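Input: a single structure, listed below in structure tokens.
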Amino acid sequence: MSDLNPLSPETQDAITKALSEARLQPYLKATDGQIDKALKIYQLNLQLCAALYPSLHLFEITFRNQIDGALQNKYGKDWYEGRILKIGQHGLNSIEKSKNTARMQKKNLTRNRIISELTLGFWVSFIIRDEYKKSVFYQCVKAIFPYAKSSERNFSEIAPRFQTEILYLRNRVFHHEPIWDTNYKIEQKHEYLCKVLGWMNPEVLCWLQTYDNFPEVYSILSDQLNQLK
């Protein structure tokens, strides 16, 4: 699962220079400044991030399409223009940024192009922000999560968990941040992400489970991490 053979001092120096001591600081702190152990933990952290990619990928795309579909049905195909659905300034800025990205790349400003450029944070805002509670959450939650129990479609539970578990996990993985420490509780976050994916489309969840190796990777790498701390 992981090659943790000792690195030569020359290799350690080269990697430290490439990554920077600032980036390695959390790992050095965890190992009392032992660069060899810090780099091993960094390597294991990368492997954990890689194992999370399939579930994060499927969740993000499915979630985006679920919300877009629900908003189209409620507010029309061009809901993102803000003519019928009132979108906050932060959201409007994200939409304009999406359009500008397409323009800079000299691509046709199609609806699909605009939608695909919008970030997960943009989509999650419709679920967690009070300003969208009446216009989006209460109006569209059944369409977004058709397979969730009615008791699970609860704003007071979904909003904080989307913020602290799903969005938090996605951002740490895609922004190359540490997730290895048990305090991050990535196993529980992965379980919740998969649960919500099942609320949206149980067939996609079943497909993911045929090749999602995160539980196995987490179990093996956790043992290795415990030996390094």
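Can you say whether residue 77 is on the phi > 0 side of the Ramachandran plot and part of a loop (DSSP other than H, G, I, E, B), as far as the supplied structure shows?
Judged against the criteria, residue 77 is not a match.
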- Task: Please specify each residue of segment 71-91 satisfying the condition of being surrounded by 12 or more Cβ atoms within 10 Å (Cβ to Cβ) and farther than 18 Å from residue 137 by Cα.
- Result: 78, 81
- Pairs with Cβ under 9 Å, 6+ apart, first in segment 130-156 and within 18 Å of residue 203 (Cα to Cα) and touching a residue at least 12 places away in the same chain (Cβ under 8 Å), second basic (Lys, Arg) and buried (at least 17 other Cβ atoms within 10 Å of the Cβ): 144/153; 145/153
- Message: Looking at residue 22 and the list (1) in contact (Cβ under 8 Å) with a residue 60 or more places away in the chain; (2) within 23 Å of residue 173 (Cβ to Cβ); (3) loosely packed, with under 14 Cβ neighbours inside 10 Å, which single condition is not satisfied?
- Response: (1)
- Query: Considering only residues of segment 127-186 that are within 26 Å of residue 228 (Cα to Cα) and β-branched (Val, Ile, Thr), which is surrounded by the fewest Cβ atoms within 10 Å (Cβ to Cβ)?
  - Reply: 182
- Task: With the condition kept exactly as written, say whether any residue in segment 195-210 is in a loop (DSSP other than H, G, I, E, B) and either farther than 29 Å from residue 93 by Cβ or among the hydrophobic types (A, V, I, L, M, F, W, C) (or both).
- Result: yes
- Message: Please pick out the residue among 205, 193, 221 that is surrounded by 17 or more Cβ atoms within 10 Å (Cβ to Cβ) and out of contact with any Leu (no Cβ under 6 Å at 6 or more places or on another chain).
- Response: 193
- Mind checking which pairs have a first residue in segment 206-229 that is more than 15 Å from residue 37 (Cβ to Cβ) and of a type outside the set (Asp, Glu) and a second that is surrounded by 12 or more Cβ atoms within 10 Å (Cβ to Cβ) and modelled with pLDDT under 95, Cβ under 6 Å, 6 or more apart or different chains? 220/1
- Exception for residue 44 within (1) more than 30 Å from residue 224 (Cβ to Cβ); (2) in contact with a helix residue (DSSP H, G or I) (Cβ under 7 Å, 6 or more places away or on another chain) falls at (1)
- Query: Residues of segment 138-158 being touching a Lys or Arg at 6+ places or on another chain (Cβ under 9 Å) and either basic (Lys, Arg) or under 18 Å from residue 62 (Cα atoms) (or both), which ones?
  - Reply: 140, 141, 142, 143, 144, 145, 148, 153
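The values are calculated or read from the model by the stated rules, or taken from the named source; none is laboratory data. Predicted model, so just to flag it, every value in this text is computed and none were measured. So basically every Cβ, Gly included, is an ideal-geometry build from the backbone, and we count neighbours across all protein chains shown.
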